[in-house]
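Okay, handing you the structure first.
Taken together, the values in this text are just the output of simple stated rules run on the coordinates, not laboratory data. These numbers were taken from a predicted model, which means no experiment stands behind them. We place every Cβ from the backbone using ideal geometry, glycine too, and count neighbours over all the protein chains shown.
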Amino acid sequence: MYLKAIEIIGFKSFADRQRLDFEKGITCVVGPNGCGKSNVVDSVRWAIGEMSWKSLRSASMIDIIFNGTARRSPLNLAQVNMIFDNESRKLPLDFNEITVSRKIFRSGESEYFLNKVQCRLRDIRDLFLDTGIGGEGYAIIDQGGVESVLSASAEQRREMFEEVAGVSKYKAKREEAIRR
Ligand code: ATP
Ligand code: MG
């Protein structure tokens, strides 16, 4: 399983629809300061369900929508589509390709889609559980992330290992069963 492409529409500095295709292996994004490199990573983080706008370096969740420049007016909608190659069936859906999308409107309303069918954020979270992708995942390591692993408590480190080992899915289900 790997991220084959992302499509970014109206997210932060990406006013026009942009499609970035990735090969298997390593991709480097290079460019001058402020050109939008970190915004690419933010778009991925957001699409997999990031709820904290602070970690998206934003003043509010709506602020991630393209808010205009001297020459262009602001947009009313931001959308990110992530296209995963799933031939390995690592994601538990029987499709070779899985598209995960998130939309946000200026009203603050968010919508999520799995292969173009509207779903709940929960469905996306469930899809990525134990893959390391997702809000609490380790797939995205930002500046300071390495240090936080090194300085984590034994308990926090155990949680990381549980995610890697695939235990956290069962823990989440158990906690939910107890709550009911
Ligand atoms: P550096 O090399 O300094 O890390 P970078 O390539 O990572 O730079 P980003 O942080 O990705 O740059 O992009 C910053 C740019 O994104 C700024 O010019 C900022 O104005 C723009 N930007 C952020 N949010 C929005 C938004 N909602 N609408 C329009 N532009 C935005
Ligand atoms: Mg940056």
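Among the listed residues Gly31, Gly25, identify the single one that is within 12 Å of ligand 1 (Cβ to nearest atom), surrounded by fewer than 17 Cβ atoms within 10 Å (Cβ to Cβ), at positive phi and part of a loop (DSSP other than H, G, I, E, B).
None of the others qualify; the one that does is Gly31.
Okay, moving on. Gly49: among the small types (Gly, Ala, Ser) and over 18 Å from the mean Cα position of the chain (by Cα), yes or no?
So Gly49 fails the test.
Let's see how each residue does on (1) within 16 Å of ligand 2 (Cβ to nearest atom); (2) of a type in the set (Asp, Glu):
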residue	(1), (2)
Asp21	no, yes
Thr27	yes, no
Ser43	yes, no
Met51	no, no
Ile62	no, no
Ile83	no, no
Phe95	no, no
Lys103	no, no
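Determine the pairs where a residue that is assigned to a helix (DSSP H, G or I), located within the range 55-72, has a partner that is away from ligand 2 (no atom under 16 Å from the Cβ) with Cβ atoms under 8 Å apart, the partner being 6 or more residues away or on another chain.
Leu56/Glu50; Ile62/Ile104; Ile62/Arg106; Ile62/Gly108; Asp63/Trp53; Ile64/Trp53; Ile64/Ala78; Ile64/Ile104
Here's another thing I want to ask about it. Given (1) in contact (Cβ under 8 Å) with a residue 12 or more places away in the chain; (2) out of contact with any Gly (no Cβ under 7 Å at 6 or more places or on another chain); (3) assigned to a loop (DSSP other than H, G, I, E, B), identify the lone condition not met by Ser38.
(3)
What number of residues in the range 90-114 are in contact (Cβ under 8 Å) with a residue 24 or more places away in the chain and in a loop (DSSP other than H, G, I, E, B)?
6
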